[in-house]
Amino acid sequence: MHMQSLSKRADKNAISRRALLGGVVSSAVLMSIRSSEASGDLGFVVQVRGLLSRSAGDGHQRLESGNPLLDGDLVSTGEESSAELKLGGDTRILLGPQTSLFIDSFIAGQGGVLELASGQMIFDRPEGLPKIDVSVRTAFGMIGVRGTKFFAGPNRGAFSVFVEHGKVEVTNAGVSRRLLRGQGLDIRPPESAPRSLGKEATMAELSRLAVPSIPQDWEQSRIAEAYSSIGLE
């Protein structure tokens, strides 16, 4: 009986040690996951042609292929430069020359808010994937995205948006336009400032008054022209 009691006690101790070890391992895994989430990594730089930098305090940090991207990053390309970014594992962002993009917030599989401060970009999320909600702020209004591929940036003297597949909604000056596959629109500031703003109105003030044009199908030549401004054939 004494031997059986010792044997049972040893078994209980072994079970307790295994439970304790399992708890430690589980805690370590959980801490690792939380640490990764807390780091804010949401994507990475796929490739760079020329110069890509991240604003860091009063200076700039040069970015290379493989560098992580974080919430709150302001990334900018130099002259004759372009870059490809990956957000959330399946969303590509292509930046053209002298383009600045602010990653306000982004959560994989859910979406977020981006700000195109200057230049041109292509947002590319493959068809067939679950849709995510993304808002892209620009000087010419807001672009609401529901999982799609589109171009946004200067083209033919206007700020233009073109949708290759999916759909987006462009809103500015109290007017909203919905773009479907193959459609594009232009947003041009008024040629003269209204009296309420005065003759010295800034471009930013005029941009807020620019009404998006009626969506139209874009010809292949214009699509190619917009994409080539980002370095795509």
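Within segment 172-197, restricting attention to residues that are buried (at least 16 other Cβ atoms within 10 Å of the Cβ) and polar (S, T, N, Q), the residue that is modelled with the highest pLDDT is Q183. The residues in segment 139-170 that are under 19 Å from S105 (Cα atoms), in a loop (DSSP other than H, G, I, E, B) and touching a strand residue (DSSP E or B) at 6+ places or on another chain (Cβ under 7 Å) can be counted, and the count is 1. Checking the stated criteria, T91 turns out not to satisfy the condition of being touching a residue at least 40 places away in the same chain (Cβ under 8 Å), more than 12 Å from V134 (Cα to Cα) and β-branched (V, I, T). Pairs linking a residue in segment 217-233 that is under 15 Å from V163 (Cβ atoms) to a residue that is part of a loop (DSSP other than H, G, I, E, B) and among the small types (G, A, S), with Cβ atoms under 7 Å and 6 or more positions apart or on different chains, are D217/G182; W218/G182.
Residues in segment 91-138 that are part of a loop (DSSP other than H, G, I, E, B) and either surrounded by fewer than 16 Cβ atoms within 10 Å (Cβ to Cβ) or not assigned by TED's automatic domain parsing to the domain that holds G153 (or both): Q98, A108, G109, Q110, P126, E127, G128, L129, P130, K131.
The values are calculated or read from the model by the stated rules, or taken from the named source; none is laboratory data. Because the structure is predicted, anything quoted here is derived from the model rather than measured. All Cβ positions, even for glycine, are placed from backbone atoms using ideal geometry, and neighbour counts span all protein chains on display.
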